[in-house]
1. How many residues are hydroxyl-bearing (Ser, Thr, Tyr) and assigned to a loop (DSSP other than H, G, I, E, B) when one looks only at the range 27-63?
2. Checking the conditions here, which among 131, 145, 87 is surrounded by fewer than 18 Cβ atoms within 10 Å (Cβ to Cβ) and within 29 Å of residue 200 (Cβ to Cβ)?
3. Could you tell me which of the residues 100, 92 is in contact (Cβ under 8 Å) with a residue 40 or more places away in the chain, on the phi < 0 side of the Ramachandran plot, buried (at least 20 other Cβ atoms within 10 Å of the Cβ) and in a helix (DSSP H, G or I)?
4. With the requirement that a residue be free of Cβ contacts under 8 Å to residues at least 60 places away in the same chain and out of contact with any helix residue (DSSP H, G or I) (no Cβ under 8 Å at 6 or more places or on another chain), what does the range 62-75 give you?
5. Here are the criteria: (1) modelled with pLDDT under 95; (2) part of a loop (DSSP other than H, G, I, E, B); (3) in contact with a Pro (Cβ under 7 Å, 6 or more places away or on another chain). Tell me which single one residue 79 does not satisfy.
6. Would you be able to say whether some residue in the range 124-137 is modelled with pLDDT of 95 or more, hydroxyl-bearing (Ser, Thr, Tyr), touching a strand residue (DSSP E or B) at 6+ places or on another chain (Cβ under 6 Å) and within 30 Å of residue 312 (Cβ to Cβ)?
7. Answer yes or no as to whether residue 21 is in contact with a Pro (Cβ under 6 Å, 6 or more places away or on another chain), in contact (Cβ under 8 Å) with a residue 24 or more places away in the chain and among the polar types (S, T, N, Q).
8. Quick one: in the range 189-201, which of the residues that are within 15 Å of residue 143 (Cβ to Cβ) and in contact (Cβ under 8 Å) with a residue 24 or more places away in the chain is surrounded by the fewest Cβ atoms within 10 Å (Cβ to Cβ)?
Amino acid sequence: MPVQMICASHSPLMLTDIDATDATAQQAFFDAVADAKRTLEEYDPELVVVFGPDHFNGFFFDLMPMFCIGTAAESTEDWELVPARLDVPEDLAMECARTLHRQDIDIAVSRDMKVDHGITIPLFKLIGTLDRYPVLPIFVNCAADPRPSFRRVRTLGEAVGRFLAETGKRVAVIGSGGLSHDPPTPRIATAPPEVAARLIHRNTPTTADLDARQANVVRCAQELVEGGGPCMPPSEAWDRAFLDKILSFDTGALDAITDDEIDEMAGFGGHEVRCWVAANAAARAMGAASPELTCYRMIPEWITGMGVVVGRG
C-alpha cells in the first residue's frame, strides 16, 4: 500500500525573528523540511493524515479525550496563523472512527474540531496551505494529565494504519511535535486559579491575550539561551535515545516510556513524541520501510530539539 510518512518537530518560535544562536542549525532543519515537502509534492497524496497535539487552544479540561478524530476542522489563530477550514472528508473520518470502535479503541469524534499550531505548522510547512489536500486530523492528548500510555498510542496508530490500507488511497501520514522541550505552558496542578480556569473552560483568547502569551514564550526562550528562565533546556541525550527507539521501532522500549521520564528528562513538551509513535505505527501497518532520520539539531532559541524523520512504502 503506498504511504509517505513524515515526522517533524514544530516550534512556534520558528515563525518569529528571534535571534539564532547558530544559523546553520536553523537552516539545516528548514532544508530537511523543504526536502520532505518536495518529496510529498512528488508523491501527490490523495489523503493526508495528521497526528497532532493541542496546546489548550482547541481541547480543554472541561472534557479532555485521549484521542479525537475531526470530521470537520478549523484552525485557530495562535502565533498569528491565519484561521482557515481544513478539507476534511467527513464520511471517511466517520468510517475511521467506527472502524476503531469495532476494535475496542474508543476514539472521540468532533464535528467542529479546532486545531492549533500543533497541526497547522506541519501542514503549512510541508504542504503550503491547509486545504490543498483532503486532511484527516487526529488529536492525541499530549498536554493534559492524565495522558494515554505509549502502548495505547501505538495501538491507535496501528489500527488507523490498517484502516487507511483498506481505502486504497495514496496516503501521507504526518506526526507533529517534539522532540524534547519545556515551554512555559501552565500546568493544571500548579497554575493559579485564574490560569487554571483558562485550562478548564473552553475559551477564545483575545488578540491581546495571544500577544501576551507569545511575548512570554519569546522572553522565556531568550532567557533559556542566556542560561536562565523557567524552561528546562532540551536534551540531546534523551532525543537521541528516543530517535533510536523510533527508527528501529522497538515497541517494547517505546511502550515503556513513562510520563515521569519525560517530565524529568525531556520537558513538558516532550510528551508530544506520542504523535511520532502513532504516525510510525500507522505507516508501518501500511507497509512503510524503516524510517530515516534526515535532520536533528538542537536549537535552544526555539526551546526544542528539532528533528525530521521520513519513511516510505
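The values are calculated or read from the model by the stated rules, or taken from the named source; none is laboratory data. Since this is a predicted model, take the numbers as computed values, not measurements. All Cβ positions, even for glycine, are placed from backbone atoms using ideal geometry, and neighbour counts span all protein chains on display.
1. Here the count works out to 0.
2. Answer to the check: 145.
3. On the way: 92 fails: buried (at least 20 other Cβ atoms within 10 Å of the Cβ).
Answer to the selection: 100.
4. Residues of the range 62-75 free of Cβ contacts under 8 Å to residues at least 60 places away in the same chain: 63, 71-72, 74-75.
Listed by number, the residues that qualify are 63, 74.
5. (2)
6. Scanning the range 124-137, I find at least one residue that is modelled with pLDDT of 95 or more, hydroxyl-bearing (Ser, Thr, Tyr), touching a strand residue (DSSP E or B) at 6+ places or on another chain (Cβ under 6 Å) and within 30 Å of residue 312 (Cβ to Cβ), so the answer is yes.
7. Values: in contact with a Pro (Cβ under 6 Å, 6 or more places away or on another chain): yes; in contact (Cβ under 8 Å) with a residue 24 or more places away in the chain: yes; among the polar types (S, T, N, Q): yes.
Judged against the criteria, residue 21 is a match.
8. Per the criteria, the residue is 189.
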